[in-house]
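> Dumping the structure here so I can ask a few things about it.
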Amino acid sequence: MKKFSVYILMLPMFYFISVGQDKMEVTQPNPSVNIGAGLGIPYGTIGVNIDVPLDSYFCITGGIGTALIDVAYNLGGRYYLSDPSKHFRFRVSALYGVNAILLVIGSSGNDRTYNGLSLGVGGQWMWGESRSNGIDIDCIIIAVRGYNLDELKKQGYLFNEPSRIKLSIGYRHTL
């Protein structure tokens with residue numbers, strides 16, 4: 001009789017465990033296109049950027065904006081290192097496009113933009129239940145410059161040498 005009583009008392013516990021298993025579905029947000037506006041290399045210095053996901057972790061990205069003296073662009077890919085269900089996702093980026101602006105001292109007509117390869121590490125923080133709004137921050141390293149500093153100096157140009165490390169920040173919205 002004692003065993004039967006124990007089984008009867010355990011029966012509701014098995015029921016709640018099985019119901020809990022059914023309700024524990026984890027919903028991950030579907031990868032969807034998101035657009036952003038911001039400052040930095042992915043945004044074409046000051047401009048807009050669009051991410052088109054190919055799966056939950058990888059997207060192609062493109063940005064266009066103004067580099068104050070010319071139109072600037074960047075194209076590339078981003079790989080997210082964290083799960084899509086997370087609010088904050090770390091990522092690495094590889095971009096090709098305008099990554100340097102040389103403002104020539106004493107000659108406004110010779111200012112130029114240069115293309116090259118940029119590599120970045122950063123993250124995207126999307127908030128809310130639907131994760132449709134957020135910000136992204138990246139630290140970008142200029143891997144390949146589109147100019148040769150020594151050659152420009154030989155030609156007589158005077159300029160302030162740009163840093164190889166750039167920061168980027170922007171607002172994101174998922175469509």
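> Could you go through the stretch 153-167 and let me know if any residue there is within 18 Å of residue 46 (Cβ to Cβ) and assigned to a strand (DSSP E or B). Lay out the reasoning, then the answer.
Quick first cut of the stretch 153-167, residues within 18 Å of residue 46 (Cβ to Cβ) only: 162-163, 166-167.
With the extra rule that they be assigned to a strand (DSSP E or B), the set shrinks to 166-167.
There is at least one residue in the stretch 153-167 that is within 18 Å of residue 46 (Cβ to Cβ) and assigned to a strand (DSSP E or B).
> Scan the stretch 117-152 for residues that are in a strand (DSSP E or B) and farther than 17 Å from residue 42 by Cα and report the count.
Total satisfying the criteria: 3.
> The conditions are (1) at pLDDT 95 or above; (2) under 28 Å from residue 156 (Cβ atoms), and residue 105 fails exactly one of them. Which is it?
The one condition residue 105 does not meet is (1).
> Kindly evaluate residue 118 against the criterion of being polar (S, T, N, Q), under 30 Å from residue 85 (Cβ atoms) and surrounded by 14 or more Cβ atoms within 10 Å (Cβ to Cβ).
Answer is yes for this residue.
> Could you go through the stretch 131-147 and let me know if any residue there is surrounded by 12 or more Cβ atoms within 10 Å (Cβ to Cβ), in contact with an Asp or Glu (Cβ under 8 Å, 6 or more places away or on another chain), polar (S, T, N, Q) and at pLDDT below 95.
No, because not a single residue in the stretch 131-147 is surrounded by 12 or more Cβ atoms within 10 Å (Cβ to Cβ), in contact with an Asp or Glu (Cβ under 8 Å, 6 or more places away or on another chain), polar (S, T, N, Q) and at pLDDT below 95.
> Is at least one residue of the stretch 59-77 without any contact (Cβ under 8 Å) to a residue 24 or more places away in the chain and closer than 13 Å to residue 124 by Cα?
The answer is no; no qualifying residue exists.
> Taking the residues in the stretch 82-93 that are within 14 Å of the chain's Cα centre (by Cα) and surrounded by 15 or more Cβ atoms within 10 Å (Cβ to Cβ) as candidates, determine which candidate is modelled with the lowest pLDDT.
The residue in question is 84.
The values are calculated or read from the model by the stated rules, or taken from the named source; none is laboratory data. All of these numbers come straight from a predicted model, not from anything done at the bench. Note that each Cβ is placed from the backbone with ideal geometry, even for glycine, and that neighbours are counted across all protein chains shown.
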